[in-house]
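These notes are about the structure you will find just below.
The values are calculated or read from the model by the stated rules, or taken from the named source; none is laboratory data. If you're wondering where the values come from, they're calculated on a predicted model, not measured in any experiment. Backbone-built Cβ (ideal geometry, glycine too); neighbour counts: all protein chains shown. Areas reflect the complete protein model, heavy atoms only, side chains present, ligands, DNA and RNA absent. Shrake-Rupley method; radii C 1.70, N 1.55, O 1.52, S 1.80 Å.
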Amino acid sequence: MGQIKITASSITKEEQLDIARLLIKAGYTVSITKGKVVDGKGSSFINYEKQEG
C-alpha cells in the first residue's frame with residue numbers, strides 16, 4: 001500500500017479528489033484520511049493500493 005502525504009493546504013480538496021480519481025482509473029483502491037495537526041498545520045493522506053485481478 002502506498003501513501004501520499006499532503007501538508008496543510010499545499011493542494012486543494014478538489015485537487016486531492018482529482019488525484020484520487022486518476023488512481024482509481026489506473027486500477028487502485030483509494031481512501032483519503034486526515035492526519036494529526038502539528039505546529040498548527042493539518043495534514044491529509046491519500047492511501048492507495050493496487051487491486052488484484
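Worth a mention:
- The number of residues in the range 22-53 that are polar (S, T, N, Q), more than 15 Å from residue 8 (Cβ to Cβ) and open to solvent by less than 70 Å² (accessible area, probe 1.4 Å) comes to 3.
- Within the range 7-26, being among the small types (Gly, Ala, Ser) and under 14 Å from residue 49 (Cα atoms) holds for 20, 26.
- Scope the chain; condition touching a residue at least 12 places away in the same chain (Cβ under 8 Å) and of a type in the set (Ser, Thr, Tyr); matching residues: 7, 28, 29, 31, 33, 43, 44, 48
- Enumeration of residues in the range 6-49 that are basic (Lys, Arg) and either in a loop (DSSP other than H, G, I, E, B) or at positive phi (or both): 36
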